[in-house]
């Protein structure tokens, strides 16, 4: 199929039609923050962090396929403010005690807070009552830390198979629910996969401690997205 | 010109943030040159003896005494800085906020816990002299106006240093990526 | 306003469903163990057992090859489906703003007193459950409640006492007191006027090529009546042109916008016209199946509507070879929702109809391309489809002669609140708010909520504005708010709580920000607000418009539109001389611990 032309932040790029704007931006070294997005699984656009101006409208680029002559702004002050506010909302909505979290330093939510230099959320902390589900022999689900991105739900092997992870309830009562019968024989590999899918420390492998010391973790020294921004590739 | 005056306190905290302040190593000598300390565990001055410029607050508020001290700081300091996760969001003490009402926490701690051995009279400490426990742990900025926030558990020494120097000299805060960490 | 927390409650004392939940085979067989019919299965189980217990979930999951949690995720989404018993009689009392205005609180208290349990719980004997619910489409006859799918309107203390007494004596739901839902059509316009012979309208359409039907609709300039105003012809053209194994016509009868009840009246008074509209839509887009997605609140109409459909089949107006046209087959089935405002959003509606949680989809693809079961689907509002039938009968030119240039035709509006004559009015587009207020006998008006909570709260200086897509757009709800009301507390707070209750929970800003808006509003109402609070609420608008669907994008409208139009109400309540007010109250904060430690709080002296 012939290439199309799209404009990102004032610069024209040729791109494959139908490819998600997020992926095109990434290829050309433009980082657009994401949280609910996970490489290789169907995007859902629920965190809204990747919201950009597409032809003047606020749209999530993880779910929007590129079309010819599309004009995209990814990093205006207004958009960055929206993203920072969403990060603050998530910190206020859950119980994110970073110092006590195994994922600290490797957590995408925390990394975005670092990127946006969040010193304190502008919102009062809700301190909702949340449980920890430790019934599964291999993994724990700490609902306090869950940001309800649905990555674990969407990372399903075969669509026709019964779901392991699902949502329950609605609105601000929504939470992740694990089918304990179907996951009773989870092995280490699946447990690791589930943990890796989670952007925060909500899915944690049991009987596994801190591998990497604080200071050497993924986002301790380099901001999230810097790998994309530093690649400097142009098509 | 007289030196800016700094006061510090640890409310419902672990003194880790104060330790981190001491972690500025030899720069502590520069700090002594730059500022004068008033009420602070560092110099053991127990009560405010004059109006201060900067109040550094470690820890959130879990009891009535914390609230009292925090309000004293607000009265006596021009600028208040919440330092560390506990001051900013309650931190580890606030893990009780979402789990159980305070009645349950007290009963667990003093009556029901397996390690409780000799409390036959089933007393939960209630001496008049003791501070009263709050229903939950409050971030400092929910109780008084806080002007600046320095996150971390504990905040990196460089963050505290950079921020203090900026406040004292009136320069912009230099906050490189490495110094803002929540753990 | 009931606490949103009490809507679904835990019943520790009734853990097991009292009936034999294993006996669900008949229900499951009726839907052929089809997971896409999970909504129907769950609704039938709920109706049969008064809840969908954990055992029932297991049985259903096994039959449709789902995991139990998967069944639970649909089940837990809908307000009228419950995992715990809701009582032999489940009372759902509307808690919308207008219900409150019409005296809901006293009715709620009477229910609690007579039944002997609080809202959000079931009586000890498990017989009567009391629950709050969002607007049930009876705003012109509040306070109203739904009990076992029957609607009881204009409740009084005496009526409640009689109802509760009847329930205690195990009376049949029909025998409690007469159920009387009134249509209250107070102004009849071109749509409601009974001058269209249904068969003629369908025949007229079928005598044309489908493309020409769409062209005729285009000529009429008909736009969607649900509120968004998308040109109907364009929707149909996209849908017709989309490739799929099968095309579907959906009628969106989820009428959940608080204060809207005109679709209920159409469904009651002119159902044939609607079904004819659906049939014409089916012909135009090339579909043989129409689905009426009807909100659970209108379950009481089921038998009535099924009878109408059955009669239309007998008359050859539905089924094979409609109106004798060889090869044109079209039939309609009713799909019920389970109590979720969000399902009025077309993609959420389709998700729900497929047996899933009513979460809006990402677009593109649009439903016209990939809709129900991933097939091209045209979703139209009840009123839109009725207009279609009229346009077919009387022509685009006639239709264009009504209304304004940009908003052709007529509009049914549902008027409620502080006025003498609440009810349904069919007006031509272009009427001003003042025209309407005069018509409905409204005096001493403080504000008019146009288009429901997601719409606009209009102040008297704008009452000359016109109801039209190009000015004040509305899906049909007009709530008159008198001067005696506390706008922020009685209306804005209620609407904001409504959006919190009805959010699907998928997008972060909708799920988390609306609660923060509520916190801020309450802080201001308590007199603890500062100027910055107002600025912050305005600044958050950019975050709200970044939500995926219309619910999320408009969830802050009650607050934003009143800050815009009634700013003085906010200004009056905030503290002008300070930029910080703490809501911390030491006295209150130490009560519980002192009580537990058996100690008298000592707030004086050293601690203060």
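If only one of B:131, B:93 is touching a strand residue (DSSP E or B) at 6+ places or on another chain (Cβ under 8 Å) and not in a helix (DSSP H, G or I), which one is it? Quick ask: steps written out before the conclusion?
Values: B:93 fails: not in a helix (DSSP H, G or I).
None of the other options fit; the residue is B:131.
Out of C:523, C:483, which single residue is over 30 Å from residue C:364 (Cβ atoms) and at the interface with another protein chain (Cβ under 10 Å from one of its Cβ atoms)? Break it down stepwise before answering.
Values: C:483 fails: at the interface with another protein chain (Cβ under 10 Å from one of its Cβ atoms).
Going through C:523, C:483 in turn, just one is over 30 Å from residue C:364 (Cβ atoms) and at the interface with another protein chain (Cβ under 10 Å from one of its Cβ atoms): C:523.
Just to check your reading of the model, which residue among C:226, C:244, C:277 is out of contact with any helix residue (DSSP H, G or I) (no Cβ under 6 Å at 6 or more places or on another chain) and at pLDDT 95 or above? Before the answer, list the steps.
Working: C:226 fails: at pLDDT 95 or above; C:277 fails: out of contact with any helix residue (DSSP H, G or I) (no Cβ under 6 Å at 6 or more places or on another chain).
Residue meeting the stated conditions: C:244.
Taking only the stretch A:176-185 into account, find how many residues are more than 18 Å from residue A:145 (Cα to Cα) and either buried (at least 20 other Cβ atoms within 10 Å of the Cβ) or at the interface with chain C (Cβ under 8 Å from one of its Cβ atoms) (or both).
Kept after step one, since they are more than 18 Å from residue A:145 (Cα to Cα), are these residues of the stretch A:176-185: A:179-185.
Of the ones still in play, those that are also either buried (at least 20 other Cβ atoms within 10 Å of the Cβ) or at the interface with chain C (Cβ under 8 Å from one of its Cβ atoms) (or both) are A:179, A:181-183.
Matching residues across the stretch A:176-185 total 4.
Spot the failing condition for residue B:155; the list is (1) farther than 27 Å from residue C:581 by Cα; (2) modelled with pLDDT under 95; (3) assigned to a loop (DSSP other than H, G, I, E, B), and only one is missed.
Failed condition: (2).
Condition first: in a helix (DSSP H, G or I) and in contact (Cβ under 8 Å) with a residue 40 or more places away in the chain. Now tell me which residues in the stretch C:514-528 satisfy that. Even if it seems obvious, please write down each step before you answer.
Within the stretch C:514-528, the subset in a helix (DSSP H, G or I) is C:514-525.
Scanning the stretch C:514-528 gives C:514, C:517, C:523, C:524, C:525.
For a quick check of your reading: which strands (runs of 3 or more DSSP E) sit entirely within the stretch C:316-417 and have at least 2 residues that are surrounded by 24 or more Cβ atoms within 10 Å (Cβ to Cβ)? Outline the logic, then answer.
Values: elements: C:331-336, C:377-381, C:410-417.
Once the strands (runs of 3 or more DSSP E) in the stretch C:316-417 are filtered for at least 2 residues that are surrounded by 24 or more Cβ atoms within 10 Å (Cβ to Cβ), what remains is C:377-381, C:410-417.
Do the conditions hold for residue A:105, that is, is it at pLDDT 95 or above, closer than 26 Å to residue A:210 by Cα and more than 7 Å from every other protein chain (Cβ to nearest Cβ)? Break it down into steps so the answer makes sense when it comes.
Working: at pLDDT 95 or above: yes; closer than 26 Å to residue A:210 by Cα: yes; more than 7 Å from every other protein chain (Cβ to nearest Cβ): no.
Taking the combined requirement at face value, the residue does not satisfy it.
Can you give me the number of residues within the stretch C:529-556 that are buried (at least 19 other Cβ atoms within 10 Å of the Cβ), within 11 Å of chain A (Cβ to nearest Cβ) and in a loop (DSSP other than H, G, I, E, B)?
Count: 6.
Quick check on the stretch C:573-588: of everything there that is more than 7 Å from chain B (Cβ to nearest Cβ) and in a helix (DSSP H, G or I), which residue is nearest to residue B:65 (Cα to Cα)? Explain how you work it out, then say what you get.
Taking the stretch C:573-588 first, the residues more than 7 Å from chain B (Cβ to nearest Cβ) are C:573-579, C:581, C:583, C:585, C:587-588.
Checking the rest, the ones that are also in a helix (DSSP H, G or I) come to C:573, C:587-588.
Working: C:573: 32, C:587: 13, C:588: 15 Å.
Once the filter is applied, the top-ranked residue is C:587.
Just need a number here: residues in the stretch A:16-58 that are assigned to a loop (DSSP other than H, G, I, E, B) and either at the interface with chain C (Cβ under 9 Å from one of its Cβ atoms) or surrounded by fewer than 24 Cβ atoms within 10 Å (Cβ to Cβ) (or both). Explain how you work it out, then say what you get.
Pass one, the stretch A:16-58, residues assigned to a loop (DSSP other than H, G, I, E, B): A:16-19, A:28-50, A:55-56.
From the residues that got through so far, the ones that are either at the interface with chain C (Cβ under 9 Å from one of its Cβ atoms) or surrounded by fewer than 24 Cβ atoms within 10 Å (Cβ to Cβ) (or both) too are A:16-19, A:28-31, A:35-36, A:38-49, A:55-56.
Of the residues in that region, 24 qualify.
Quick check: anything in the stretch C:583-600 within 30 Å of residue C:538 (Cβ to Cβ) and touching a residue at least 24 places away in the same chain (Cβ under 8 Å)?
From the stretch C:583-600, those within 30 Å of residue C:538 (Cβ to Cβ) are C:583-585; that's our starting set.
In the following step, the residues that additionally are touching a residue at least 24 places away in the same chain (Cβ under 8 Å) were identified as C:583.
Yes, because at least one residue in the stretch C:583-600 is within 30 Å of residue C:538 (Cβ to Cβ) and touching a residue at least 24 places away in the same chain (Cβ under 8 Å).
Condition first: touching a residue at least 60 places away in the same chain (Cβ under 8 Å) and under 21 Å from the mean Cα position of the chain (by Cα). Can you find one or more residues in the stretch C:427-447 that meet it?
no
May I ask you to verify whether residue A:118 is on the phi < 0 side of the Ramachandran plot and in contact with a strand residue (DSSP E or B) (Cβ under 7 Å, 6 or more places away or on another chain)? It would help to see each step written out before you state the result.
Values: on the phi < 0 side of the Ramachandran plot: yes; in contact with a strand residue (DSSP E or B) (Cβ under 7 Å, 6 or more places away or on another chain): no.
No, not satisfied.
Each row is one residue, and each column tells you yes or no for (1) touching a helix residue (DSSP H, G or I) at 6+ places or on another chain (Cβ under 7 Å); (2) more than 14 Å from chain A (Cβ to nearest Cβ); (3) under 29 Å from residue C:151 (Cβ atoms); (4) at pLDDT 95 or above.
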| residue | (1), (2), (3), (4) |
| --- | --- |
| C:9 | no, no, yes, no |
| C:32 | no, yes, no, yes |
| C:45 | yes, yes, yes, yes |
| C:49 | yes, yes, yes, no |
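Looking at (1) away from chain A (no Cβ under 14 Å); (2) assigned to a helix (DSSP H, G or I), which is the only condition residue C:86 fails?
Status for residue C:86: all satisfied but (2).
If I ask for residues that are more than 15 Å from residue B:5 (Cβ to Cβ) and within 11 Å of chain A (Cβ to nearest Cβ), which ones from the stretch B:71-82 would you list?
B:82
Determine which member of the set B:128, B:104, B:108 is within 13 Å of chain A (Cβ to nearest Cβ), surrounded by fewer than 23 Cβ atoms within 10 Å (Cβ to Cβ), more than 25 Å from residue A:123 (Cα to Cα) and over 15 Å from the mean Cα position of the chain (by Cα).
Numbers: B:128 fails: within 13 Å of chain A (Cβ to nearest Cβ); B:108 fails: within 13 Å of chain A (Cβ to nearest Cβ).
Among B:128, B:104, B:108, only B:104 is within 13 Å of chain A (Cβ to nearest Cβ), surrounded by fewer than 23 Cβ atoms within 10 Å (Cβ to Cβ), more than 25 Å from residue A:123 (Cα to Cα) and over 15 Å from the mean Cα position of the chain (by Cα).
Look through the stretch A:196-225, keep the residues that are touching a residue at least 40 places away in the same chain (Cβ under 8 Å) and assigned to a helix (DSSP H, G or I), and return whichever of them is nearest to the other protein chains (Cβ to nearest Cβ).
A:220
Quick check on residue C:80: is it within 14 Å of chain A (Cβ to nearest Cβ) and either modelled with pLDDT under 95 or under 18 Å from residue C:173 (Cα atoms) (or both)? Before you say what the answer is, go through the steps one by one.
Numbers: within 14 Å of chain A (Cβ to nearest Cβ): yes; either modelled with pLDDT under 95 or under 18 Å from residue C:173 (Cα atoms) (or both): yes.
Yes.
Based on this model, can you work out whether residue C:306 counts as surrounded by fewer than 23 Cβ atoms within 10 Å (Cβ to Cβ) and modelled with pLDDT of 95 or more? Full working, then the answer.
Working: surrounded by fewer than 23 Cβ atoms within 10 Å (Cβ to Cβ): yes; modelled with pLDDT of 95 or more: yes.
Yes: the conditions hold for residue C:306.
The values are calculated or read from the model by the stated rules, or taken from the named source; none is laboratory data. The structure presented is a predicted model; accordingly, all values stated were derived computationally and were not measured. So basically every Cβ, Gly included, is an ideal-geometry build from the backbone, and we count neighbours across all protein chains shown.
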